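Student: Have a look at the structure that comes next, please.
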Amino acid sequence: MTVDPTAGPPPLPDLREEYQDVTEDLDVADVQVGWPVLLERWLAQAWQAGLPDANAMVLATVDGAGRPHSRSVLCKGIGEEGVDFYTHYASAKGVQLAGQPHASVTFPWYALSRQVHLRGEVRRLDHDFSKGYWSHRPRGSQLGAWASEQSRPIASREALRERLRAAAERFPEAEPVPLPPGWGGYRLVPSEVEFWQGRANRLHNRVLLTLEDGSWNAVRLQP
C-alpha cells in the first residue's frame, strides 16, 4: 500500500498495525532459561536492530491519592533481583516511590512487535552501588544532575542553563564530579514478568511468569 505523506492519519478506529510473524514464536518453554536471560536477549536484539533508546522503559508509579503517573526512564541494570534505574530522590517518581514502593515498567519495542512488563516492589539501591554507576556517567550528565532540581518549576530555559554553568564552575574539569546527596538508584524487584509478542490476526503470544513461594511459574495468556 502506498502512503501519501501529505495526508493525515486515518480515523483512530481504523488506525492499526497489522502484525506479521517475523520472529520465532514465543512459548512457555522459552522462559525456562529465566526471565533476566530472555529480557537481556530481547534488549540486545532491539539494540542490534537499531531501535533508539533500546533500554528505555515506561515506569508507572502512584501518588498519595492513588493516581497513576508514568514516564520513560533508562534501564541501567538487569539481574536476578530485578531491573535498575536512577533518578533524584526528590523527583516526582522518587517522592511517589517513598510513599508507595511498588511500580511497573514496560519495555516498548514496538518495531519488533515485542513488549515486556515487570511489576513489583521497588527498593532504593545503597550509596556505594549508586556511586559505582555514577562514576560511569558522562561528565555533562553528572553536571546536569547537580544543576536540576528534578520535577520542580523553573522560570525559564536560560535559568536552567545558568544553573548548569554554575555547576560547571563549582566542579572544574580537573576534578571529578561527586555523587549528589539526593540522587541514586532504584531496583524494581518483580513478582510478575510478562513477555508479549505481536502476531497476525491479533493472536498475540503472551507468557506470564509469577513468583510463588520463591519459584517462578509460567503460563500462557490469551491475547
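The values are calculated or read from the model by the stated rules, or taken from the named source; none is laboratory data. Predicted, not measured: the structure shown is a model, and the values here were computed from it. Using ideal geometry, Cβ is built from the backbone for each residue, glycine included, and neighbour counts are taken over all protein chains shown. Accessible surface is based on the protein model in full, side chains and every heavy atom, while ligands, DNA and RNA are left aside. Shrake-Rupley method; radii C 1.70, N 1.55, O 1.52, S 1.80 Å.
Student: Taking Ser130, is it open to solvent by less than 30 Å² (accessible area, probe 1.4 Å) and within 30 Å of Leu164 (Cα to Cα)?
Tutor: Numbers: open to solvent by less than 30 Å² (accessible area, probe 1.4 Å): yes; within 30 Å of Leu164 (Cα to Cα): yes.
For Ser130, the condition - open to solvent by less than 30 Å² (accessible area, probe 1.4 Å) and within 30 Å of Leu164 (Cα to Cα) - is met.
Student: State all residues of segment 103-121 that are polar (S, T, N, Q) and either under 12 Å from Cys75 (Cβ atoms) or touching a Leu at 6+ places or on another chain (Cβ under 8 Å) (or both); if no residue qualifies, say none.
Tutor: If we filter segment 103-121 for residues that are polar (S, T, N, Q), which is where we start, we get 104, 106, 113, 115.
Answer for segment 103-121, where residues must be polar (S, T, N, Q) and either under 12 Å from Cys75 (Cβ atoms) or touching a Leu at 6+ places or on another chain (Cβ under 8 Å) (or both): Ser104, Thr106.
Student: Those residues that are in contact (Cβ under 8 Å) with a residue 24 or more places away in the chain and touching a Leu at 6+ places or on another chain (Cβ under 9 Å), I need them from segment 39-54; list them, please.
Tutor: As a first pass, look at segment 39-54 and keep what is in contact (Cβ under 8 Å) with a residue 24 or more places away in the chain: 39-40, 42-43, 45-46, 49, 51, 54.
Matches in segment 39-54: Leu39, Trp42, Gln45, Ala46, Ala49, Leu51, Ala54.
Student: Right, another one. Counting just the residues of segment 69-91 that are more than 9 Å from the chain's Cα centre (by Cα), open to solvent by 40 Å² or more (accessible area, probe 1.4 Å) and touching a residue at least 40 places away in the same chain (Cβ under 8 Å), which one comes out nearest to His117 (Cα to Cα)?
Tutor: Applying the first criterion (more than 9 Å from the chain's Cα centre (by Cα)) to segment 69-91 yields 69-70, 77-82, 86-91.
Filter once more, keeping what is open to solvent by 40 Å² or more (accessible area, probe 1.4 Å): 69-70, 78, 80-81, 89-90.
Checking which are touching a residue at least 40 places away in the same chain (Cβ under 8 Å) leaves us with 78, 80-81, 89-90.
Numbers: Ile78: 14, Glu80: 15, Glu81: 15, Tyr89: 24, Ala90: 25 Å.
Only one residue fits best here, namely Ile78.
Student: Answer with yes or no whether Val116 is touching a Phe, Trp or Tyr at 6+ places or on another chain (Cβ under 8 Å) and either more than 30 Å from Asp27 (Cβ to Cβ) or open to solvent by less than 50 Å² (accessible area, probe 1.4 Å) (or both).
Tutor: yes
Student: Farther than 21 Å from Val33 by Cβ and either among the aliphatic types (A, V, I, L, M) or loosely packed, with under 15 Cβ neighbours inside 10 Å (or both): is that true of Ala168 in this structure?
Tutor: Details: farther than 21 Å from Val33 by Cβ: yes; either among the aliphatic types (A, V, I, L, M) or loosely packed, with under 15 Cβ neighbours inside 10 Å (or both): yes.
The answer is yes for Ala168.
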